[in-house]
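Here's the structure, in structure tokens; my notes come after.
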Amino acid sequence: MNIIDKLYIVRRALIAQIRNEFPSALEITTIFPCRNACKFCPQDKWRNVYQGKHRLTYDEFCKVLEKIPKHVRIDFSGFSEPFLNRESSLMMLRAYQSGHQVTLYTTLVGFRQEDLNIIKDIRFAACQLHVPEDTNFKVPDEDKWLEAYKLFARHVHYDAALYYLGYLSSKMKSELRNVRSINSVLTRANNVHPDIAPPLPRHKGVIKCWSSGNRFNQNVMMPNGDVYLCCMDWSLKHKLGNLFEQSYEEFHQSEEYHKICRSMSDESIETICRYCERSRSRFYKL
């Protein structure tokens, strides 16, 4: 084996290690707006700035999926409840059958028997439920929600059922399994209302994103194909590109992408990273 071959093997090993530590993901927002109006999701910020089509279609998703490398995980979460779009379950199945890892984060609002018939054989890389309580995420009919939950839980493995801010009813406590509360709510880069999550001071100096390792490869797509920096960008400050019009690789070479990269060491460049829990205000070897 010559030196070129050895260098190639080392390079491939390093790429694999980086991918495992900071996995690439694309969150799919399938519908606008989200009727759940959970308090930990700053829907008001999103409603005020988003412009474009309100619903991603299955055909549009299939075209986008062809552009996304197989190592990129497809997350059905984004800025709205996936099952509010009647075609989301078909999108999940298509992504899974295409060889991508698929994750699901859902409140089960809109989930039906038809969805179960489509997704029941998907092995989700991660699956979390956000369950109703009395403060953050309320439902008008707990019995109806529990029917959807029982249908889902009998056939689909989920990792945990989470609730935020409030308290579960006695009925919920008796019916749910793997349920736990989350005491803290992210500010989402200071987009969440300050009464819910106190704002963070601006990070100074050299910072690093502990979620992406400054690769900025965990992005979120809107129903109109626009791709933004990450799930913290509810005010849509950092548009990287549009997957209806560009390749996946192109928006990771965009002017906005490079600006964000520079901002991690240049404090004069204003980005949401300066106000985010996932940034660390200290020196790292990048």
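The values are calculated or read from the model by the stated rules, or taken from the named source; none is laboratory data. Model, not experiment: these values are computed from the prediction. Don't worry about glycine lacking a Cβ; one is built from the backbone with ideal geometry, like all the others, and counts go over all protein chains shown. Only protein heavy atoms, including side chains, enter the accessible area calculation; ligands, DNA and RNA are left aside. Shrake-Rupley method; radii C 1.70, N 1.55, O 1.52, S 1.80 Å.
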request  = Output the direction-averaged projected area (hull surface divided by four) of the convex hull of the alpha-carbon atoms of the stretch 171-271, in nm².
outcome  = 9.3 nm²
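Express the relative contact order of the stretch 53-138 as a whole percentage, based on alpha carbon pairs under 8 Å and six or more residues apart in sequence.
Values: 97 pairs, mean separation 24.4, N = 86.
After rounding, I find 28 percent.
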Cα principal axis extents for the stretch 205-257, largest first, Å = 35, 22, 16
Pairwise label distance in nanometres, H71 with H258, each label 7 Å out on the Cα-Cβ vector = 2.3 nm
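Would you rank Y167, Y248 by solvent-accessible area, highest first, keeping every protein chain in place and using a 1.4 Å probe? Intermediate values should be presented prior to the final figure.
Values: Y167 165, Y248 15 Å².
If we order Y167, Y248 from most to least accessible, we get Y167, Y248.
Projected area of the chain, taken from the Cα convex hull and averaged over every viewing direction, in nm²? List each step's numbers first, then the result.
Numbers: hull surface 67.4 nm².
Projected over every direction and averaged, the Cα hull of the chain covers 16.8 nm².
What order, most packed first, do the peptides 156-164, 101-109, 228-236 have when packing is the mean number of other Cβ atoms within 10 Å of each residue?
Details: 156-164: 16.9, 101-109: 21.6, 228-236: 23.4.
The packing order, highest mean first, is 228-236, 101-109, 156-164.
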task = Under a cut-off of 12 Å between alpha-carbon atoms, report the aspartates and glutamates in cross-link reach of K259, not counting same-chain residues fewer than 8 places apart.
result = E267, E270
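With contacts defined as alpha carbon pairs under 8 Å and 6 or more residues apart, what's the relative contact order of the stretch 223-285 in percent?
Numbers: 51 pairs, mean separation 15.4, N = 63.
Normalised by residue count, the contact order of the stretch 223-285 is 24 percent.
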key: Where the Cα pairs of the stretch 143-199 fall when distances are cut into 5 Å bins, in %   = 4, 15, 22, 19, 13, 13, 11, 3, 0
key: Residue of R177, R112, R73 that the Gaussian network model of the chain assigns the largest fluctuation, springs spanning Cα pairs under 10 Å   = R177
Full-stretch length increase - H157, D266 - with 0.36 nm per residue and alpha-carbon distance subtracted = 34.8 nm
query = If the label point is 7 Å along Cα→Cβ of N117, which residues in the stretch 54-93 have backbone nitrogen under 19 Å from it?
reply = 58, 83-93
request  = Mind grabbing the base-10 log of I(q)/I(0) for the stretch 238-285 at q = 0.17, 0.19, 0.32 Å⁻¹? Debye formula, identical points on the C-alpha positions, no solvent, two decimal places.
outcome  = -0.58, -0.68, -1.18
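Calculate how many DSSP beta bridges within the stretch 130-286 are antiparallel, expressed in % of all such bridges and rounded to the nearest 5. Walk me through the numbers on the way to the answer.
Working: 8 of 13 bridges.
Just about 60 percent of them are antiparallel.
Between L200 and S247, what is 0.36 nm times their sequence separation minus the Cα-Cα distance? Round to one decimal in nm.
13.4 nm
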query = Rg and Dmax of the stretch 96-195, using alpha carbons, in Å: what are they?
reply = 14.7, 43
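Hey, what number do you get for the chain at 222 nm if only DSSP H runs of n ≥ 4 count, each worth -39500 (n - 2.57), divided across all residues, to the nearest 500?
Details: 9 runs with 84 residues, N = 286.
Computed mean residue ellipticity for the chain: -8500 deg cm²/dmol.
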The chain - percent relative contact order, Cα under 8 Å, separation 6 or more = 21 percent
ask   = Over the chain, what is the percentage of antiparallel beta bridges among all DSSP beta bridges, to the nearest 5?
value = 30 percent
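With every protein chain kept in place and ligands, DNA and RNA left out, what is the accessible area per residue of the chain? Probe 1.4 Å, answer in Å². Provide the component values of the computation, followed by the final result.
On the way: 14500 Å² over 286 residues.
Normalised by residue count, the accessible surface of the chain is 51 Å².
Pull out a ≥ b ≥ c, the square roots of the eigenvalues of the alpha-carbon gyration tensor of the stretch 45-141, then state rounded if a/c is under 1.5, prolate if not and a/b is larger than b/c, and oblate in the remaining case. Walk me through the numbers before you get to the answer.
Values: a/c = 1.78, a/b = 1.29, b/c = 1.38.
Oblate, since a/c reaches 1.5 and b/c is not below a/b.
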remark   = For E133, E147, E255, the accessible-area ranking with a 1.4 Å probe, largest leading, is E255, E147, E133
ask   = Which percent of the accessible area of the chain is formed by carbon and sulfur heavy atoms (probe 1.4 angstrom)?
value = 50 percent
task = At 1.4 Å probe size, with no ligands or nucleic acids counted, give the accessible surface of I196 in Å², nearest ten.
result = 50 Å²
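Based on a Kirkwood Rh over C-alpha pairs, give the Stokes-Einstein translational diffusion coefficient of the stretch 166-226 at 10 °C and viscosity 1.306 mPa s in µm²/s. Mind dumping the intermediate values first?
Numbers: Rh = 15.7 Å.
Roughly 101 µm²/s, to the nearest whole number.
Considering all projection directions equally, how large on average is the shadow of the alpha-carbon convex hull of the stretch 106-150, in square nanometres? Let's see the in-between values first.
Details: hull surface 14.3 nm².
Over every viewing direction, the Cα hull of the stretch 106-150 projects on average to 3.6 nm².
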